Structures are given as C-alpha cells and as structure tokens.
Amino acid sequence: MSDSQATQMQGTTAWKTRLTTPVRLLLRTEAGSAAVLVTAIVVAMIWANVADGSYENFWHTDLSIHLGDMGVSLTLREWVNSGLMTLFFLVVGLEARREFDLGDLRDRRRFILPAAAGIAGMILPVSIFLAINHGGPGAGGWGVAMSTDTALALGLLALVGRRVPDQARLFLVTVSVVDDLIALLVIAVAYTDEIKIMPLAIAIVLYLGTFVLARLQVRSGYAYVPLGIAIWGAMLASGIDPVVSGLALGLAAAAYTPARGDLEQASDLFRLFREQPTPELARGLRVGVVNSFSWNDRLQRTYQGWSSYLIVPLFGLANAGIAIDASFLRRAVTSPVTIGVFVAYVCGKPIAITGISWLITKLSGRRVQPGAGWASVLGTGTIAGIGFTVSFLIANLAFEGPALAEAKLGVLAAAVAAAVLTWAEFRITFMLPKAKRAVALLGDADQLTDLIPEVDEERDHVRGPAEASVTIVEYGDFQCPYCGRAEPIVRELFTDADLRFVWRNLPLTDVHPQARLAAEAAEAAGIQGKFWEMHDLLLTHQDNLRITDLLTYARQIALDEEQFHDDMMRSTAAERISDDLESADLSGVSGTPTFFINGQRHYGAYDVDTLKEAIRLARVRAKIASRRR
C-alpha cells in the first residue's frame, strides 16, 4: 500500500474531538492538564519557601477596577479565587448539564447511585473531621474536608491507572458533579458572613433573564456576556462567593447534537455564498454554522482549554504555597486540623463512596448498580480523596494564619496518599485472571442503547453471522468521501468471524446530490438479493453515480435491468430509505459515517486499531452479559 493510500484510509468521524460519551473530552483535557497543575503546585511551594515573604506579598497585592462611582477592589488571590475560578465552575456546570442531556445520565435512574455516593462521600469525611476537631478552634473549617477536586483527581487517575476503563472515570465525574454542587451551596450558606438580599435578588432576576433570551432564541454571545458579568458582580455584592454563578450558568446551557435540519440550512447558506461570495453572505454562513451547535458545546470549546491549562494551574500557584520549616511540621503533624483533613479524605471518601454504592445495589436487588465494576468503584473512592480547588477556597474562608497552612498541608498530603492508594488498588486488580479482571473493572450493568430501532435481521441489510457477539451498524452515504475512506477499513474488520455488519442509509442530499439516487439503486438491488454487491460497487465508484452509471453496475452484477429500473421508480426503495432517515434522527445521527457498536454510538477515530479496540471491549462486555444471564 502506498503512503497516499494509507493516508486516505485514516479518517475520523464528525465527533473526532470527543471520545465515547460527551464527557470524554473533559477526561482527556483534565488528564493532559494534570502535569501543568502539579507543576504549578510545586512552583508555589518552592516560591513560598525560597523567596522570603514575596509569595504572600505578591498575592495580597490589590487590584481595583472602577467605572464612575462603581468599582471592585480585590487582591490578586481573590481575583483568581472568585473571578477566574467562576469560569472553571462554568465548565463544571456545562459538563454536568451535558451528561444529563446526552450522556449516561439521560437515564435518570443512573443518577441515583452516584448522587448518593457523592452525598455520602461528603457526609462521612465531614463527620470524621468534626469528630477529630470536636470542641476545638478548627471545627469551623469542616467544609475543607468534603470536596473532591475533579480536575486533579481525573488527571492523577490517568497517570496512576493508565489502563483504567473509562467507566471508572465517568463514575468519578458523576460523583464529583454532585460533590461540586453541594460544596458551592455550602460556600454560599455556611461560609458567607452576611447575605445582602437586594444584590442577591438582582442576580436571580438577571439569571432568569438568560432563560428569557434563550427562549427568544437569541444566540449572539454579545447579549449574554454583559448578563454574566452583571450576575457575577451582583453575587459578589451580595456577600456570596460569585463562583456559584459560574456553576448556575453552566447548568442552564442545554446540550444537544446538531440537528440535521440546521446542518442542511448551513449547506444552503454555503451554496449562496459560493454563488455570490460577499462579506454579508460570509457572515451569515459563519453565524449559521456556529448556531447549529448548542450553547453548551460552544461554551465548552471556548473555555475548557483555558480552564484546564491556565485557570486551575493559576489557582494552584496562588494558593498552594506553604512556608514549611521544622517547627511548622512538628506542629502540623499533631494538629487536629491537619489530621482531620487527611483522615477524612484518605479514609472517609473511599469508605463512603464504595459502601453506599454496595448498599444501594444490595437493597435494590441490583436494579440500581454502578456503571463500572467494583474495583473501579473502589478506585474512584480512593482517588476522590484528592481535594484541592474547593477545599482551598473554603480553607481561605474558614481559616487564617497557621491554621490555614495546616489545612492546606492536610489537603496536599491527602492528595499524595490518595494517588498512592489508587495506584496500589489498580495494580492489584490488574494481577487478577483476565475474566475476573474484566468484571472487576467493567462491571456487569446493562449498557444504554443509543441505536433506535435495534437491528432486525428481517429488515436490515446484514453481513456476517446472526449469532455474532458484536454488531457494527454504519449510517452511510454512498457519495460521502469519508464513507469511501472508511470502506477498506470496514472490509478489513470482516476477517473477524464473530462480527456482523449492518448498513443503514443516510443520504446527505444537501451536499451530495446523487446520494439519494445511489441509495435507491442499492435498495433496488437488494430486492433482487444483491444489495451488498451494489453497495461495494457504489462505494468504489463514488464519482460516477449518474443513472447511466447505476444501470451499468446493475448489468455488472447480473441484475434484471428492467426490474431494477422499475424498483427504483417505485416507492418501496424510497420508503426503506425514509425508515433509515427516521432511525438516524431517533439515534441522534446527523453526519456520515456514524458507527454503532452493539447499540452504542462510537465517537472518535475510525481507523483499524481504534475500531478493533472498540470491538474488543464490546466483545468483553457481551461475554460478561452472557455469563450473567
């Protein structure tokens, strides 16, 4: 194979930037930013211990912004903690809403267990902290011991458990979403000295205004940015930490895949621009393309990188610096604050998360159970012992002076211990026999089905044995060049005797004018029992799909040409294609090629290695399910 041919065979779906579920981009981004955050923490520690006093002096520098009689005056640390971190919690809210709208949590029953685990994973650590600090001056800082840092936990989970399944990471994200919601409510209620009602009411009214603009289908970001800034300012004036506003705005942004109608409208705008390339039409085209995506998707793409690679590391740099000397260490290792935070995170989190998950599974008769195996649940519990972002926010509100440094030391020490425990737990798990390891990591819960309707041997065009453990469904367009590039890769997969392949038509007539005719030709050939022969010819000759070409192909595969022509003219083929289009809409498919493996949508690259790995994982899950039955 030539280099050019090899290059052509490398393709990606329209969702290349996302992995298996909508939350996977967060997983990859946070894993990649973990090293940046850890570096920032190390730099902060060195700075605080080498440059005498300059660390605290720098971050206590005042920065004021004034507009007439109005103004905001905060220290640099407060601008990071209450200003920039609002964007971090905006991203957290966006991810939570996206998981509810498009991820596993669209089945609301799947939220019950991780929600309970998240709540228990806060109550028990807080109880441990209060038990250790009962009656002492540090008891008021109980909120420091409750919250998991999603970004750092995900990043270190990727480092200490490289072969950990995505289900473990997704379970951690879901638990952390509940964690963050409650933690911010705690900040708003328990760690606010005085709440001013009028600014809070203004913030609520402005927040409701964002819903009004969305209802009016106002899609320009310029309309929402002033509202967001005003909400932040009103929350700050109310006395409540304004980071809460970021989470609230993120949860308000609905997520959805681009609708086929919106994409077709964008294609119409492109044709107009192609016919008359004017600045006005160019602007309309840009707006049309951008508006086909949800606000959730657009905001994530704007802020997620900034949040992961700049804001969170900057927060670490501004808050992690602790001046450590021998006298401080002697005092800290015996301090109830340090011990309380450490034990709460290292012991409380895994016991609570694993214990409540087991209890709910037992009481529900396994009707409600984790989406991951028990080894993954336990690993989620141990890595959840990493608290940083919200813990430091609350520590700054609850403590000052030596107590603040002791609390921070407890958080950092717990993070190191949690990472080591997680590494050991997964190390032991990977030493199990293959079958037991698969169940321990993946679990045996039923997987959500994205494909609607399921494959029907009587109706669908199926290639491969009916008893195959893995079924791949492709929604394709015979004129789509990406489908043409995918075809040799799909054929290579046919060497797997335990695999069946299904084709469903999705002709994108707005960009491929001959795709519908080609699909009708394939269906007409199918009436004579030669769908796959025509399918292969059409994808091999994508540049030649005129009616005369189709008749030539019919002749090549020895069809009855008169019947072939008549069947194309009848409604049978058209009805079959309409059924496939309806199926694509129900399954959330708007582009080609789109693959489903055992009913679950495949996001990401469709090169041979990626698809084979997805097939391998699907086969493992199928074996687990068969043994359970």
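Considering all alpha-carbon pairs of region 422-537, what whole percent are spaced by more than 22 angstrom?
Taking all Cα-Cα pairs of region 422-537, the fraction more than 22 Å apart is 50 percent.
If packing is taken as the mean number of other Cβ atoms within 10 Å per residue, what is the order of 350-363, 589-602, highest first?
589-602, 350-363
Applying the Karplus parametrisation 6.51 cos²θ - 1.76 cosθ + 1.60 with θ = phi - 60° to the phi angles of region 426-432, what ³J(HN,Hα) value in whole Hz is obtained for each residue in order, glycine and proline being reported as x?
Karplus-based 3J(HN,Hα) across region 426-432 equals 6, 4, 5, 4, 6, 8, 6 Hz.
Could you estimate the translational diffusion coefficient of region 112-177 from the Stokes-Einstein equation, with Rh from the Kirkwood formula over C-alpha pairs, at 37 °C and 0.692 mPa s, in whole µm²/s?
Approximately 248 µm²/s, per Stokes-Einstein.
Over region 334-482, what lengths in whole Å, largest first, do the semi-axes of the equivalent ellipsoid take, defined as the square roots of 5 times the eigenvalues of the alpha-carbon gyration tensor?
45, 20, 15
Where does region 474-599 land on Rg/Rh, using Cα atoms and the Kirkwood Rh?
Radius of gyration relative to Kirkwood radius: 0.95.
Once a ≥ b ≥ c are taken as the square roots of the eigenvalues of the Cα gyration tensor of region 202-258, is the result rounded (a/c under 1.5), prolate (a/b larger than b/c) or oblate (a/b not larger than b/c)?
Prolate.
In region 126-145, which residues have a backbone nitrogen under 16 Å from the label point lying 7 Å from Glu400's Cα in the Cα-to-Cβ direction?
138, 140-141
Kindly provide the GluC sites (Glu not before Pro) of region 424-519 that DSSP labels as loop, not H, G, I, E or B, and whose Cβ sees at most 13 other Cβ atoms within 10 Å.
Loop-located and lightly packed - Glu454, Glu457, Glu458, Glu467.
Hey, what's the Cα Rg ratio for region 318-392 versus the globular rule of thumb, 2.2 N^0.38 Å?
1.50
What whole-number value in Å² describes the accessible area per residue of region 211-309 for a 1.4 Å probe?
Solvent-accessible surface per residue comes out at 55 Å².
Enumerate the calculated ³J(HN,Hα) couplings along region 600-612 in order (Karplus 6.51 cos²θ - 1.76 cosθ + 1.60, θ = phi - 60°), each rounded to whole Hz, writing x wherever the residue is Gly or Pro.
9, 5, 9, 9, x, 5, 10, 6, 4, 4, 5, 5, 5
In cubic angstrom, how much convex hull volume per residue do the alpha carbon atoms of region 35-145 span?
210 Å³
Please give the contour-minus-distance gain from Leu67 to Asp262: 0.36 nm per residue of separation, less the Cα-Cα distance, rounded to one decimal in nm.
66.1 nm
Given 4 °C and 1.567 mPa s, compute D for region 564-629 with the Stokes-Einstein relation, Rh being the Kirkwood radius over Cα pairs; round to the nearest whole µm²/s.
It comes out at roughly 88 µm²/s.
If every alpha-carbon in region 183-329 counts as one equal scatterer, what log10 I(q)/I(0) does Debye give at q = 0.12, 0.15 1/Å?
Values returned for q = 0.12, 0.15 Å⁻¹ are -0.70, -0.94.
Would you mind checking region 386-402 for residues with the amide N under 15 Å from a putative spin-label position 7 Å along Cα→C-beta of Asp193?
Those under the cut-off are 396-401.
Where Rh denotes the Kirkwood radius from the mean inverse Cα pair distance, what is Rg over Rh for region 147-231?
Rg/Rh: 1.14.
Tell me, what HN-Hα J-couplings in whole Hz come from the Karplus equation 6.51 cos²θ - 1.76 cosθ + 1.60 at θ = phi - 60° for each residue of region 167-179, using x for Gly and Pro?
Working through the residues one at a time gives 4, 5, 5, 5, 4, 4, 4, 5, 4, 5, 4, 4, 3 Hz.
Based on alpha-carbon positions alone, could you give the equivalent ellipsoid semi-axes of region 61-220 from the gyration tensor, as √(5λ), descending, whole Å?
30, 25, 17
Could you tell me which label, among (i) 37, 36, 24; (ii) 51, 30, 20; (iii) 90, 30, 26, carries the value of semi-axes √(5λ) of the Cα gyration tensor in Å calculated for this structure?
Evaluating semi-axes √(5λ) of the Cα gyration tensor in Å on these atoms matches (ii).
What is the percent carbon and sulfur in the accessible area of the chain, measuring with a 1.4 Å probe over the protein chains and ignoring ligands?
That fraction is 61 percent.
Which lysines have a Cα lying under 28 Å from the Cα of Lys349, excluding residues fewer than 8 positions away in the same chain?
Partners within reach: Lys362, Lys408, Lys436.
So who's got an amide H within less than 5 Å of the one on His461, skipping anything under 5 residues away but keeping other chains? H placed 1.01 Å off N, in plane.
Residues meeting the amide H criterion: Trp503.
Given the peptides 244-254, 545-555, arrange them by the average over their residues of other C-beta atoms within 10 Å, most packed first.
244-254, 545-555
Tell me which of Thr572, Gln600, Ser587 sits at the most positive position along the dipole axis of region 525-602, charges placed on C-beta atoms (Lys, Arg +1; Asp, Glu -1).
Ranked along the dipole, the leading option is Gln600.
Using Cα centres only, tell me the gap between region 149-209 and region 243-313 in whole Å.
That distance is 25 Å.
Considering amide H positions built from the backbone, and no H for Pro or chain starts, which residues 5 or more places from Tyr606, or on another chain, come under 5 Å of its amide H?
Under 5 Å from the amide H of Tyr606: Gly11, Thr12, Thr13.
Compute the relative contact order of the chain as a whole-number percentage, counting only Cα pairs closer than 8 Å that sit 6 or more residues apart in sequence.
Value for the chain: 20 percent.
When each pair of different Cα atoms in region 423-465 is counted once in the 1/r mean, what is the Kirkwood radius in angstroms, to one decimal?
Value: 13.8 Å, from the Cα pair sum.
Return one whole number: the accessible area per residue of region 461-576 in Å², for a 1.4 Å probe.
I get 41 Å² per residue for this part.
The values are calculated or read from the model by the stated rules, or taken from the named source; none is laboratory data. Fair warning: this is a prediction, and the values are worked out from it, not measured in the lab. FYI the Cβ positions are ideal-geometry reconstructions off the backbone, even for glycines, and counts take in every protein chain you see. In case anyone asks, the SASA skips ligands and DNA or RNA and just uses the protein heavy atoms, side chains included. Shrake-Rupley method; radii C 1.70, N 1.55, O 1.52, S 1.80 Å.
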